[in-house]
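Here is the structure we will look at.
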Amino acid sequence: MLAGRAKRKKMSSSTPDTFRAAVLTVSDSCARGERNDLSGPAVARTLKDHHFAVVETRIVADEHAAIQKAIVDLARRVKLVVTTGGTGISTRDVTPEATRSVCGRMLDGVSERMRREGEKKTPFAALSRGVCGVCGASLVLNLPGSPVGAVEALQAVVDVLPHAIQILSGKTEHMAN
């Protein structure tokens, strides 16, 4: 009986939880209705494939204050806010700055992993400035604006996101490997 109980406990601990997530597309042209958002839906599909419940999607222009406001608002409702767009080096790309301004702590290793994995496909991944941080009790993750780049960056780190969210939720027990 004890062995069965331990087995069930281990199975439930390794079974992915479903966390509430939101996707925020940062794009001037999408916000103006001049272009269809392809990255946001691609990111939402990928999150759903990995057991996240995407409860909201939004589009905002590349404006520091608008990005800040949207991140803070979404972080109050979900455990994971994923942004797509505004992580490049043009003057309008301010998503990382807006994210840093609302996050108390940064998770540099997550950003580094996205870039390291991205460089296996394109040297331009080194130009991405996306960050990952903690806003309140929620995780905020910046992805590139291209649909392919956004999905590839998300796939590079999606396996560590549930554990990070559990830790932020107060579940700090670690299972032995």
Fill in: Odd one out for Arg100, checked against (1) under 20 Å from Val23 (Cβ atoms); (2) free of Cβ contacts under 8 Å to residues at least 24 places away in the same chain
(2)
Practice prompt. Tell me, yes or no, whether the range 94-109 has at least one residue that is farther than 27 Å from Ser169 by Cβ, in contact with a Gly (Cβ under 8 Å, 6 or more places away or on another chain) and modelled with pLDDT of 95 or more.
Written response: yes
Worksheet entry | Test: Thr46 is among the polar types (S, T, N, Q) and within 15 Å of the chain's Cα centre (by Cα) | yes
Worksheet item: Are any residues in the range 119-143 more than 18 Å from Ala21 (Cβ to Cβ) and not β-branched (Val, Ile, Thr), and if so, which ones?
Response: Glu119, Lys120, Lys121, Pro123, Phe124, Ala125, Ala126, Leu127, Ser128, Arg129
Worksheet entry | Looking only at the range 75-95, and only at residues there that are in contact with a strand residue (DSSP E or B) (Cβ under 8 Å, 6 or more places away or on another chain) and more than 20 Å from Ile165 (Cα to Cα), the one that is surrounded by the most Cβ atoms within 10 Å (Cβ to Cβ) | Gly86
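Condition check ((1) in contact with a helix residue (DSSP H, G or I) (Cβ under 7 Å, 6 or more places away or on another chain); (2) crowded, with 17+ Cβ neighbours inside 10 Å; (3) among the charged types (D, E, K, R)) across all residues:
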| position | (1), (2), (3) |
| --- | --- |
| Val110 | yes, yes, no |
| Met114 | yes, yes, no |
| Lys120 | no, no, yes |
| Pro123 | no, no, no |
| Ala126 | yes, no, no |
| Val131 | yes, yes, no |
| Ala137 | yes, no, no |
| Val151 | yes, yes, no |
| Val157 | yes, yes, no |
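The values are calculated or read from the model by the stated rules, or taken from the named source; none is laboratory data. A quick note: this is a predicted structure, and the numbers were derived from the prediction, not measured. Here the Cβ is made from the backbone with ideal geometry for all residues, glycine too, and neighbour counts use every protein chain on show.
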